[in-house]
Amino acid sequence: MRCRCLSVLVLLGLTLMPALAPGQQDQERRRLATQLAQQATEAFEKNDYARAEQLLRRQLVLQPGNFVVMYNLGCALAMQGSSEQAADFIVRAVEHGFTDLAHMERDPQLAAVRDEPAIRALRDRWHEVLLVQAENNLKDAQRTFAKGYEVTRDEQLKVIYLSAFNPKSFDAVRAELTRIAEWSGANLFPDLLDPKASRDDAWVVVILPGKSDFASWARASFGNDAVQGNSMIAGSYMHDQKRLVAMDLGATLRHEFLHALHWRVSTRRGQAHPLWILEGLGTLVEDYDLADDGAIVPAVSWRTNTTKRIEKINKLIPLSKLSSMTQAQFAGQRPLANYAQARAFFLYLQQQGKLREWFTSYQDSFREDPTGLGALERALGRSHAQIDADFKAWVRLLPAVPEEIKPGMASLGVEVDAGTGEGPVIAAPPRRADGSRIDLRLGDIIQAIDQRPTRDLAELVRVLSGYQPGAEVSVSYRRGSLMREATVTLLPAP
C-alpha cells in the first residue's frame, strides 16, 4: 500500500495572512495546505521524493499538528535514504495521533526504516502508545466539550465515552452499543471482539454532547448549513481522529458506532471500503427489534418505505451500478434514495443469513474486487442480475412501516414531542381521552416500550405500530434522576 500522501502547494506567502481577518486566515491556510497536499501527492506519483519532501515541509508549517503530513514526510525521507530522519518523523506522526500500526508495517516506502531503533521501540510499546493516544484524544475533546461531561472507559470495546446525558440513560445506551458490537461480531465482522485480533486497534472517543454544544461543534466543523435546513448534520465518525460525535442516543449514534466498528476491522486489513457498503451497513442498525435472547434484529424502517416507493416506480438501481458508485455519486445523486436502497439490500442479505459469509469473502477478495459485487454473487450463489430480480421481489413483499400515528392506531394517549436526543418527551399533562390515569407526567422522557428502545419519534411510532389498541405495554422512562417503568393500556389515536 502506498504512503498516505496528502499533497501541498508552494506557499504563496504567509506574509499576506496578517492582513486577513482571523476566519479568513484559517480559510486561506486550509486552502494553501490543500494545494500543497495535492502537489505532494503528484510528486510521490512521479517518484520525485525530494520535491515531495519540500512541499510537505511547507505544509507542515501551515499544519504543525497534522500527523498525515509527518507520516508522508517520513516516507519521502525514507525513499531518499535518510532513514534516521524518516524514523523521527514517523515517531512524531504517532505522537500526534497516527494509530495504524498494520499500515506502517505494510507500507513499502518505509521498508528501509523498520529496523531503526526508534521504530522498533514504537512496536515494542504499541499498547502503551495506544493508551497515551486515547488519553490525548480525550483531553483534546474535553477542550471543546468541557463542562458537565462524564468520562467512562470500556476496555473490551476500546472506547472512551464523554457524555452530557443523564448517567442512568447513558448506562442503558452503553449496554445497547455493547449489544450492537456483539451482534456485529456474530453476524458481520469476523474477529471483531477477539482479544488477539483487536490487540493493536486504536481506542475511539465517543462524544454525546448536549444540544447547544452539538450545534456549536457542527457549526465549527461543517459551517452554518450543518445546523439548519435539510442538510443538517446529525453526527459524524472521523476515522483519522478516532472520534465519534452524535446528537442523539438513537439511530444516529447506532449508525456512527457501526461505522467505528467497520473501520476498525477494515483498518486491520489495510482496506478502505466504498461508501455504499459503509452507509448500507451503518444504516442497518439504525432500527432494530430484540430477539427473545436479547440480541438485536435489524428491522424494516422508514428507509425500507423509501425503497418500496422507489421499486414501485421502477427506479431501483441495478446492483452492478450501485456497487460501482463513487463516493461523490452515492452521496451527491439522490442520497436519501441511495442510502435507503443500500440499507434495504443489506437487510435482505441479513435475512438470507448471508451477511457474515459475504463480508468474509469480500475482505478476502478486496484487492481483486473492491466493489463487493463478486463476493455477493459467491455468497448468494447467483448472478447479480438474478440477485436484482430476487431483491425486487423481496422489496415488494416488505411490510410498510407507519411513519405517523393515524386515527385508530395504538397510541400512548398522551402528547409527546421529539425531546433533545434522549427520547420523546411527555409534552402536556397526560389527560387521556378515556379518563384513565397513568404513571406519566409532563417532562418524562420515554426510552423504551417493552424494552424496545424508542429514542426518537420515528422509532416510537414504528414500535407502537406493532400493537393494537387495548394492549398493555411497559413504558420505560426517566423522571429527573429516576429510571421508572409504567404499565400503560394503549388507546386508539383520535
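Quick rundown of the values:
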{"read-out": "Candidate set from the range 310-323 (those that are of a type outside the set (Asp, Glu) and either buried (at least 16 other Cβ atoms within 10 Å of the Cβ) or not assigned by TED's automatic domain parsing to the domain that holds SER383 (or both)); member that is farthest from PHE345 (Cα to Cα)", "value": "ILE310"}
{"read-out": "The range 174-220, subset among the aliphatic types (A, V, I, L, M) and part of a loop (DSSP other than H, G, I, E, B), residue nearest to LEU131 (Cα to Cα)", "value": "ALA202"}
{"read-out": "Failed condition for ARG334, given (1) surrounded by fewer than 16 Cβ atoms within 10 Å (Cβ to Cβ); (2) modelled with pLDDT of 95 or more; (3) under 20 Å from LEU275 (Cα atoms); (4) of a type in the set (Lys, Arg)", "value": "(2)"}
{"read-out": "Residue in the range 38-74 that is farthest from the chain's Cα centre (by Cα), counting only those that are under 23 Å from ALA111 (Cβ atoms) and among the β-branched types (Val, Ile, Thr)", "value": "THR41"}
{"read-out": "Residue within the range 158-167 that is within 27 Å of SER361 (Cα to Cα), touching a strand residue (DSSP E or B) at 6+ places or on another chain (Cβ under 8 Å) and either crowded, with 21+ Cβ neighbours inside 10 Å or not assigned by TED's automatic domain parsing to the domain that holds GLN350 (or both) present", "value": "yes"}
{"read-out": "Some residue of the range 108-115 being part of a loop (DSSP other than H, G, I, E, B), surrounded by fewer than 18 Cβ atoms within 10 Å (Cβ to Cβ) and either in contact (Cβ under 8 Å) with a residue 40 or more places away in the chain or polar (S, T, N, Q) (or both)", "value": "no"}
{"read-out": "Filter pass, ASP434 being more than 21 Å from SER169 (Cβ to Cβ), at pLDDT below 95 and among the acidic types (Asp, Glu)", "value": "yes"}
{"read-out": "Sole residue being free of Cβ contacts under 8 Å to residues at least 40 places away in the same chain and either charged (D, E, K, R) or in a loop (DSSP other than H, G, I, E, B) (or both), chosen from GLU485, GLU459", "value": "GLU485"}
{"read-out": "Residues of the range 169-202 satisfying the condition of being among the charged types (D, E, K, R) and in contact with a Pro (Cβ under 9 Å, 6 or more places away or on another chain)", "value": "GLU176"}
{"read-out": "Flag if ALA121 is farther than 22 Å from HIS262 by Cα, surrounded by fewer than 17 Cβ atoms within 10 Å (Cβ to Cβ) and of a type outside the set (Lys, Arg)", "value": "yes"}
{"read-out": "Any hit, the range 478-486, residues being modelled with pLDDT under 95, crowded, with 20+ Cβ neighbours inside 10 Å, outside the structural domain of ALA251 (by TED's automatic domain parsing) and farther than 24 Å from ALA234 by Cα", "value": "no"}
{"read-out": "Candidate set from the range 139-155 (those that are of a type in the set (S, T, N, Q) and at pLDDT 95 or above); member that is nearest to LYS242 (Cα to Cα)", "value": "GLN142"}
{"read-out": "The one condition in (1) aliphatic (A, V, I, L, M); (2) under 27 Å from LEU77 (Cβ atoms); (3) in contact with a strand residue (DSSP E or B) (Cβ under 8 Å, 6 or more places away or on another chain) that ALA118 fails to fulfil", "value": "(3)"}
{"read-out": "The range 433-458 - residue that is surrounded by 14 or more Cβ atoms within 10 Å (Cβ to Cβ), aliphatic (A, V, I, L, M) and more than 32 Å from the chain's Cα centre (by Cα) and, of those, nearest to ARG254 (Cα to Cα)", "value": "LEU440"}
{"read-out": "Pairs where the first residue, in the range 16-45, is closer than 13 Å to ASN72 by Cα and surrounded by 15 or more Cβ atoms within 10 Å (Cβ to Cβ) and the second is at pLDDT 85 or above and of a type in the set (Asp, Glu), C-beta under 7 Å, 6+ apart", "value": "none"}
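The values are calculated or read from the model by the stated rules, or taken from the named source; none is laboratory data. Note that the coordinates shown come from a computational prediction; the quantities given were computed from them, not determined experimentally. Here Cβ is always computed from backbone atoms with ideal geometry, including for glycine, and neighbour counts include all displayed protein chains.
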